[in-house]
Amino acid sequence: MALQWVHDDHPRWDDDRRRVLASVPEGVFGTESRAPGEPLSSDWWRVERDGRVVGYGWLDDVWGDAEILLAVDAGERRSGVGAFVVEHLEQEAAARGLNYVVNVVRPTHPEREAVTAWLQGQGFAATEDGRLRKRVGAPVVGAAVAPDSGRQARYAAERDRAAARPHGTDEAGGGEPMGPGHEESGGYVDVEEHRF
């Protein structure tokens, strides 16, 4: 019954991801317009118990610190899978020479307070911009491993696909595709609030 941490070398949307992410409260992840076999950006790991996928971890380090997400099958919650995922994502980030892992619990998450409290129990601290951040490993200056060109290309392709998908949740209600800069980690932000 030991958990296994398995890196997906070429992550694609598949039945296991659909099943696990569908068990997460509605609206947490935007998975409605994913096509079977569609390539996914960044790095994915799956957590297996007895050969069955029970959770996923995702890490994106294209922009510096490691942004992380996790999803645990509903039947496996409160069994240690989430803590296992966070611990392994922290190790992955530290191995790349990164100083922090970062997570954002969307304001629309139906269990936002509980998830935020759980992450804080895992050592994450709230920042002024609403993110939750945790230092991993010893501080390292200038040693971060740059994402390889393959990872950068997968990220760019995913961003382009996401920008082309219709998004019925925009405030205008038009469901029109949103261009680059209008989305952040699958969630949508007001671009005017993020201009420099």
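Each value in this text was obtained by applying a stated rule to the coordinates, not by laboratory testing. Being a predicted model, the structure only gives us computed values, none of them experimental. Cβ placement follows ideal geometry from the backbone for every residue including glycine, while neighbour counts extend to all protein chains displayed.
Overview of results
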| read-out | value |
| --- | --- |
| Residue 48 paired with residue 6, simple spin-label distance in nm, labels 7 Å along Cα-to-beta-carbon | 0.2 nm |
| Equivalent ellipsoid semi-axes, the range 3-135, via Cα gyration tensor eigenvalues times 5, rooted, Å | 21, 17, 15 |
| Listed peptides 33-39, 129-135 by packing density, highest first (mean Cβ within 10 Å) | 129-135, 33-39 |
| Highest-first arrangement of 56-69, 73-86, 5-18, where packing means the average Cβ count within 10 Å | 56-69, 73-86, 5-18 |
| Length-normalised contact order of the range 3-135 in % [C-alpha pairs under 8 Å, at least 6 apart] | 21 percent |
